[in-house]
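First the structure, in the form of structure tokens, and then the observations on it.
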Amino acid sequence: MQLGTRRLLDRAFSGLGLTSICLLGLSLLVILTPIVARGIGAFVFRGTVEYRKLALEKFGRGDSETLRTEIEEAQRARQPVYDMLAAFKKELASFDAAERREYRQRLEDLEERLAALLGPQPDQEEPVLWRNQYGQTRWDRAQVKAKDVLFAEQYDYSDASRMGKKVLVPRVKDFEGTSLAKLFPYVEDNLDRMMAPRLTIYWRFLFDRSYDAHFFGGVWPEVLGTVYLALGAMLFAVPMGVISAIYLVEYAKEGPLVSTLRTCINTLAGVPSIVFGLFGLAFFINSMHVSESKSVLAGSLTLALLVLPMVIRASEEAIRAVPRTYKEAALSVGASQWRTIVTVVLPAALPGIFTGIVISMGRAAGETAPIMFTAAVSVGLPLALTQTASQPTPALPWNIYNLCTEHEAVDEIRHVQYGMVLTLVSVVLLLNAAAIVARARISKKLRA
């Protein structure tokens, strides 16, 4: 090949590689930017007086004297709303029966939406659920609920050729000519005074458990469960994977049996994760009875099988990359094959083995399907280490899926969903960073 052609090809491949790296970085930026931007809302947001009231009453956090003053000011701003409702209820007596029924239905709908915004009225019995005991605790949700108070959703079917179009109709039209018509401009003009929003930093989102189906609290059980499952999977997968790689490289003789074994390992690496989940349920729980039902132990064993092919292949390649002269030098001074492997080959291959462990641990931490059948539950308390052999646990991947698809109030807890995603990404990065630091230190010691 001519020198000019070779240089041209080198430049072309270099440009292609650089372009690929840039596209990958751009893709990561596009994916991670909304996750970080919206996930940070679980930690930093504008909390209303209802949030501070909940934090003091349920968690004992905050200054009671300052909060009492804020609640009194907010209550003074809300009192005209309650007075207007009471006056309108008296006014209903002057309407005829048909109008009374119609306005009462509209009033019930309005009161329900006001309760979602401000919480129950002072003279009402306290609801059981936390979400109904308080108004909106976040300013962004308070604005959404205020919009529901001010506007009603209707569908416009004027264009017969198209489906109905959703339109917002001012709710004040339902009460025109009544004393309650003044309520709507008052709510719009005084929402800030009624809710008293203030910048809030909720770093305990990482360390609180969830309450009332993730409407309140944090994600500590999910974080702890994810760490348990990822580290448990590595505890089982790494020894088996490294030992298998040593056998395949150093002891196994090439032949049909070894070729078939390698083919099986490669095939397992491509099996869908849901299959591993079903296998874990059938084998570890129903057949071996490692636990009576779902447990962290069963989930860790299942994840270990999932990442085992990756650990084997990475370890095998790392061992093969050790220069043959290292082995020959050790054997020439009388070391046995096993001693050569333990004292020479494995230390030299550790950086490559750690690379495989890092990749495998990231996958184990982010998998949903395998733990769905073997380890994960939607809601639960943080587990002690001694409980992992018999108890299931919440986990970030499963709870993210669960909250996004099956929760009764998906839109109400968007900040929790994005906060969980941001936390999961951070946990995976931290686990990987810890493994990378360990690999770097081992490499440094080997060079020394």
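Quick note: the coordinates plus some simple rules give every number you see, no bench work behind them. All values reported here derive from a predicted model rather than from experimental measurement. Glycine also receives a Cβ, built like all others from the backbone with ideal geometry; neighbour counts cover every protein chain displayed.
Annotations
- Cα gyration tensor of the range 49-197 - equivalent ellipsoid semi-axes, whole Å, descending: 31, 20, 14
- Most to least packed among 220-233, 7-20, 106-119 [average Cβ atoms within 10 Å]: 220-233, 106-119, 7-20
- Nearby lysines by direct alpha-carbon distance to K173 (threshold 17 angstrom, same-chain neighbours under 8 apart not counted): K147, K182
- Computed P(r) (all Cα pairs; the chain; 10 Å bins; percent): 4, 15, 19, 19, 16, 12, 8, 5, 2, 1, 0
- For the range 220-447, the relative contact order works out to 31 percent when only alpha carbon pairs closer than 8 Å and six or more residues apart are counted.
- Local net charge near L229, Cβ-Cβ under 12 Å (Lys/Arg +1, Asp/Glu -1): 0
- Among the listed pairs K253/K444; K89/K165; K327/K445, those beyond 30 Å (Cα-Cα): K253/K444; K89/K165
- Report note on the peptides 410-417, 135-142: ranked by the mean count of other C-beta atoms within 10 Å, highest first, their order is 135-142, 410-417.
- If you take the Cα centroid of the range 187-208 and the Cα centroid of the range 36-87, the two points sit 7 Å apart.
- Value of [θ]222 nm, deg cm²/dmol, for the chain, DSSP H segments ≥ 4, -39500 (n - 2.57) each, nearest 500: -21500 deg cm²/dmol
- Short-range pairs are left out: with C-alpha atoms under 8 Å and at least six residues apart, the relative contact order of the chain is 18 percent.
- Relative contact order of the range 257-348, taken over Cα pairs closer than 8 Å and 6 or more residues apart, is 23 percent.
- Linear extension gain, L129 paired with S27, 0.36 nm per residue minus alpha-carbon span: 32.5 nm
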